[in-house]
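What follows is calculated from the coordinates using simple rules that are stated; it is not laboratory data. Remember, it's a predicted structure, so these values are computed and weren't measured experimentally. Neighbour counts run over all protein chains shown; Cβ positions are idealised from the backbone, glycine included.
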Protein chains: 2
Amino acid sequence: MKELIEKIKQKNSVVLVGLDPFIDSFPKHIIKGDDKAEIAESILEFNKQIIDSVYDIIPAVKPQAAFYEQFGWQGVRALEETVRYAKQKGLYVILDGKRNDISSTAAGYAKAFLSDYGMDADCLTVNGYLGTDGIKPFTDTGRDIFVLAKTSNPSSGELQDRLLDSGETVYEAMAKLCDKWGVAGASEADGASEADGFSEAAVYHNVGIVVGATYPEQIARLRALVPKVFFLIPGYGAQGGKAEDIAAAFDSDGLGALVNSSRGILYAWKKTGGNGEDFAEVARAEAIKMRDDINDYRNSKIC
Amino acid sequence: MKELIEKIKQKNSVVLVGLDPFIDSFPKHIIKGDDKAEIAESILEFNKQIIDSVYDIIPAVKPQAAFYEQFGWQGVRALEETVRYAKQKGLYVILDGKRNDISSTAAGYAKAFLSDYGMDADCLTVNGYLGTDGIKPFTDTGRDIFVLAKTSNPSSGELQDRLLDSGETVYEAMAKLCDKWGVAGASEADGASEADGFSEAAVYHNVGIVVGATYPEQIARLRALVPKVFFLIPGYGAQGGKAEDIAAAFDSDGLGALVNSSRGILYAWKKTGGNGEDFAEVARAEAIKMRDDINDYRNSKIC
């Protein structure tokens, strides 16, 4: 997570903008037509304007694969071009695909998303249900992954909150597995160390976890349980998570978590009463507000 | 699973051919070039010849998304065309994407894979770690899904075999969740009932589970635990699973499971010593052999 952490420090922001294109929420002037190729073009144009407007104040973006895949290969092409554009603008790109498989199949996904032959993202979200066999092909790339631990949705507890006979929950067991996977894979690939000027608390390895902003108690438990594991926190804003809910995620350097907002930023223009000509500027203002709201809590943690 | 079961009965086969293109295992005459578009064209040509050769003796095919996605949008286009071609030939198509997400995002994947706007597959593999929120958008389509329960890989037990405080394992808890999800979603959508001429044992609902052929004991436990849940069994052949290992999956109608083989069938030509001009015929012979090997065990179960 070294590159991510550098960008967080440089921008003084942990805001992760989720690039989730909802065509129905696009301003009319962006829509180029209604066949798949035209929709895909509209998505790319929308994303470029959002990226242009926020790239200097945020460390990272997170395109969600489903929103592109629903428009077929044309949508996937727009996803590829979005990733390329975001990287050109110096952003760390997390491909939110929640992929999971084993051996050569997982290696196929790694090639698709975490190699310069493929989309060339910096990071991929992964579902860890398959165990080590489903993780190693991704960490072998030397890039970062975030594995689902405690997700933000209401029914996440049906499996994730179940108690194991060891007394820990399934999501805690998953977080501990991630900590093990990360330690093994991080040293050469990531290179973060105390010698690089990070305090001990900030040496995060290359396997992070996803923990929902909607579960503040679990955020605190997990921060204590796995102090070297970086958090990707969805569920802020539209899903109900607030800045105070995620305060426990940060370490004494104000690091340790990236906080995602998608709809709350991208479609903030809809609350202005305008026609959306200014959607990108409105998104920027919203990203600044979110940055500042969260930084109040981050700064309070810094020793 | 009604349509799948009809095709199984019609072909008297539970062989599921996994369409996993390994370019390095293709016969030379199939390869059209080495850029992504040419590779994608080669994959489609390979798949069409395989499908032409086996469609009358198997009920279903299972393209694995990663093997296509690694070649970018060109690969995804070949995947779309593969699904279309297989359906034209009357095959039931299981898109092996192991997708997982919630609400509008999961609905995006459902639109991508399980709608006629998208790839129009009959069935999708899904990872159930997120709970009901991650399942309902898929079952709402009225099509089938298979959810990972006990996967075929060596490390699957790291999470899946953990004991819960209830005394059951994580994979058993997942199977029971699937049984619950299926009961809720199946009645209208699937329509299978005893009145249709299925015996009671064969009334499977629309949420199946994935159970590896490499874990015969777990297959037997799960068949007893969730008798209305259809099994997708990977791990046969190349991964070491044999016909006797999966015998317990079948009910007294010889139904209850579909058994996947990918490499073992697609690349059987490599064991012939030939140049692969006859790869499709060799694949057919291998699929027939697998069908017969498994049918010996299925028939022994039929009352």
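Look at the dipole of region A:2-301 built from charges on Cβ: of A:Thr141, A:Val83, A:Thr105, the Cα furthest out on the positive end belongs to A:Val83.
Just add up the charged neighbours of B:Ile102: K/R +1, D/E -1, any other residue whose Cβ is under 14 Å from the Cβ of B:Ile102. Could you put the intermediate results ahead of the total?
On the way: positive: A:Lys98, A:Lys150, A:Arg263, B:Arg99, B:Lys136; negative: A:Asp20, A:Asp96, A:Glu158, B:Asp101, B:Asp133, B:Asp140.
Once all neighbours under 14 Å are counted, the net charge is -1.
Given H placed on each backbone N at 1.01 Å, which residues far from B:Phe146 in sequence or on other chains put an amide H within less than 5 Å of it? Placed amide hydrogens put B:Leu124, B:Thr125, B:Val126, B:Gly208 under 5 Å from B:Phe146.
Across the copies of the chain, B:Gln10 has label points (7 Å from Cα along Cα→Cβ) spaced 5.8 nm apart, shortest distance listed first.
Scanning residues 5 or more positions from B:Tyr215 or on other chains, none has an amide H under 5 Å from its amide H, with H placed 1.01 Å from N in the peptide plane. In units of the compact-protein estimate 2.2 N^0.38 Å, chain B shows a Cα radius of gyration of 0.96. For region B:6-29 versus region A:74-135, the spacing of their alpha-carbon centroids is 27 Å.
With the label put 7 angstrom out from Cα along the Cα-to-Cβ vector, B:Asp278 ends up 7.4 nm from the copy partners, going from closest to farthest. Could you give the angle, 0 to 90 degrees to the nearest 10, between helix B:72-88's Cα long axis and the longest principal axis of the Cα atoms of chain B? The two axes meet at around 70 degrees.
For region B:37-77, backbone nitrogen atoms closer than 19 Å to the point 7 Å from A:Ala37 Cα along Cα-to-C-beta are found at B:37-38, B:41, B:73-77. Annotation: the antiparallel percentage among DSSP beta bridges lying fully within the protein assembly as shown is about 5.
Taking the convex hull of the alpha carbon positions in the protein assembly as shown and averaging its projected area over all directions gives 26.1 nm². Each copy carries a label point for A:Ala220 at 7 Å from Cα along the beta-carbon vector; from one copy to the others these points are 4.9 nm apart, nearest first. Among beta bridges from DSSP that stay inside chain B, the antiparallel ones total about 5%. Under the criterion of Cα pairs below 8 Å and six or more residues apart, the relative contact order for region A:221-275 equals 39 percent. Computed 3J(HN,Hα) for region B:142-149, one whole-Hz value per residue from the Karplus formula 6.51 cos²θ - 1.76 cosθ + 1.60 where θ = phi - 60°, is x, 9, 9, 9, 10, 9, 4, 10, glycine and proline marked x. Applying the criteria of a DSSP loop state and at most 16 other Cβ atoms within 10 Å to the chymotrypsin sites (Phe, Trp or Tyr not before Pro) of region A:250-303 yields no site. Partner shielding of B:161-174 amounts to 3, given as the average count of beta-carbon atoms from other chains within 10 Å of each residue beta-carbon. Structural descriptor for region A:31-112: relative contact order 32 percent, calculated from alpha carbon pairs under 8 angstrom and at least 6 residues apart. The stretch between B:Asp120 and B:Leu225 holds 34.6 nm of extra length on full extension. This uses 0.36 nm per residue minus the Cα-Cα distance. Here the Debye sum runs over all C-alpha atoms of region A:200-247 as equal scatterers in vacuum, and log10 of I(q)/I(0) at q = 0.15, 0.24, 0.28 Å⁻¹ comes out as -0.38, -0.85, -1.03. Residues whose amide H comes within less than 5 Å of that of B:His205, counting only those at least five positions distant or on another chain, are B:Phe230 (H built at 1.01 Å from N in the peptide plane). For chain A, the longest principal axis of the alpha carbon atoms and the long axis of helix A:103-114 meet at an angle near 50°. In percent, rounded to a whole number, the relative contact order of region B:2-301 is 18, using alpha-carbon pairs under 8 Å and six or more apart.
Assuming R0 = 35 Å, can you tell me the calculated FRET efficiency for the pair A:Arg263 and B:Gln88, based on Cβ-Cβ distance, to the nearest 0.05? It would help to have the intermediate numbers written out before the result.
Values: r = 39 Å, r/R0 = 1.11.
After rounding, the FRET efficiency stands at 0.35.
Dividing the alpha-carbon radius of gyration of region B:10-112 by the rule-of-thumb value 2.2 N^0.38 Å gives 1.12. Here region B:218-296 and region A:227-299 have alpha carbon centers that stand 49 Å from each other. Modelled this way, with points 7 Å down the Cα-to-C-beta line, the labels at A:Gln10 and A:Asn299 are 2.3 nm from one another.
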